[in-house]
1. With unit charges on the beta carbons (Lys and Arg positive, Asp and Glu negative) and the dipole taken about the Cα centre of region 6-93, which residue among PRO36, LEU61, VAL48 sits farthest to the positive side?
2. Going by amide H atoms built from the backbone, whose H comes under 5 Å of the H on LEU263, apart from near neighbours?
3. Taking Cα atoms of region 35-117, Rg/Rh with Kirkwood Rh, to two decimals?
4. Given Cα pairs under 8 Å that are at least 6 residues apart, what percent is the relative contact order of region 9-128?
5. Output the relative contact order of region 115-183, whole-number percent, from Cα pairs under 8 angstrom with separation of 6+ residues.
6. Suppose all protein chains stay in the model; what accessible area per residue would a 1.4 Å probe give for region 55-193, in Å²?
7. Along region 106-117, what does the Karplus equation 6.51 cos²θ - 1.76 cosθ + 1.60 (θ = phi - 60°) give for ³J(HN,Hα), rounded to whole Hz, x for Gly and Pro?
8. Between region 41-73 and region 262-291, what's the alpha-carbon centroid distance in Å?
Amino acid sequence: GLVLDELTARISGQEVRVSGLLPLEQERLILLRDDPWFYLRQMGNGKVEIPDADLSQWTTLAPSALAPSGRLQMSLQVAPGGMIDGAMYLKGAALRPIGPLGALQDITAEVRFEGRRITIKSVEAQTGGRPVELKGDAQWLESGQPRFDLSLRGKNLPLIRQTGLLLRGDVDLKLQTDDDGMSWVRGSVGLRDGLFLVDLESLRPSSGGGGSVSGRPPYFSVTEKPFADWRLDIAVKGNDFLRMETPVFSGRASADFQLSGTLREPRAIGEAVVTEGLVKLPFATFNVTEGWV
């Protein structure tokens, strides 16, 4: 076989150490020619270590996901059949915004690898100055198909912060893979402390309800793989959570929506109810006693 006693390399200045053994059995060499990665996964035995890497130097490896901060320590033992054992530690890492949940900062994590299972012992992070916690595990089947069972929780998180629209909420979400291999984001988002200052006309979909996905309710679209194909089943509710102040209307609103579809093509079905308000016209002001969309 091929024995790698020790290899030390630097990737963007960060040290990586590798050692291992790859059997070269004559009757299996055709597999090495036809599918090298499968052969390595099924036959390889080795160790990968990252003593202390500066993640800001690796941002270009995943520019859509990684922000330039944090440190990584990792030690993994790889066994035949794609089995992995070891641990990974993160400190001060950050992710770029994914969909409406915003960026995650100051990520501290301990992740354990056991066979084909990855267990998140603890992941704590900050988004908009509020703590958020991720727990659970993920598995990789022999086919390479991932299976998730993760939960994300946080209180009073900033969901939207843009000109004319501020929105916070309590998030209780689960990412789970069903028996058919489809990954679902399920759970609830409790809306609170919203402020709406933009023109109501800007919320109208383009002619015929078409236009870009991000231009239709719920006004976001995640195109990065694998997130784009994850399916949605999320209850979004808020009682008198939104204060609206526009040139022609001021008041408060509640919402009761169900998010479905996928992260690439999300759909919001439900209603927004005006619980109180004033319609301000040049010739008169009207009290609103009831209204809904």
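1. LEU61
2. Hits under the 5 Å cutoff: TRP230.
3. Numbers: Rg = 15.0 Å, Rh = 14.2 Å.
Checking Rg against Rh, the ratio lands at 1.05.
4. Working: 261 pairs, mean separation 21.7, N = 120.
RCO, region 9-128: 18 percent.
5. Averaging sequence separation for qualifying contacts and normalising by length gives 25 percent for region 115-183.
6. On the way: 7430 Å² over 139 residues.
For region 55-193, the per-residue accessible area is 53 Å².
7. After applying 6.51 cos²θ - 1.76 cosθ + 1.60, I find 6, 7, 10, 9, 10, 10, 10, 10, 9, x, 9, 10 Hz.
8. So the separation of the two Cα centres works out to 47 Å.
The values are calculated or read from the model by the stated rules, or taken from the named source; none is laboratory data. All of these numbers come straight from a predicted model, not from anything done at the bench. Cβ atoms come from the backbone with ideal geometry, glycine included; neighbour counts cover every protein chain shown. The protein model used for the area step is the full one, side chains on, heavy atoms only, and it has no ligands, DNA or RNA in it. Shrake-Rupley method; radii C 1.70, N 1.55, O 1.52, S 1.80 Å.
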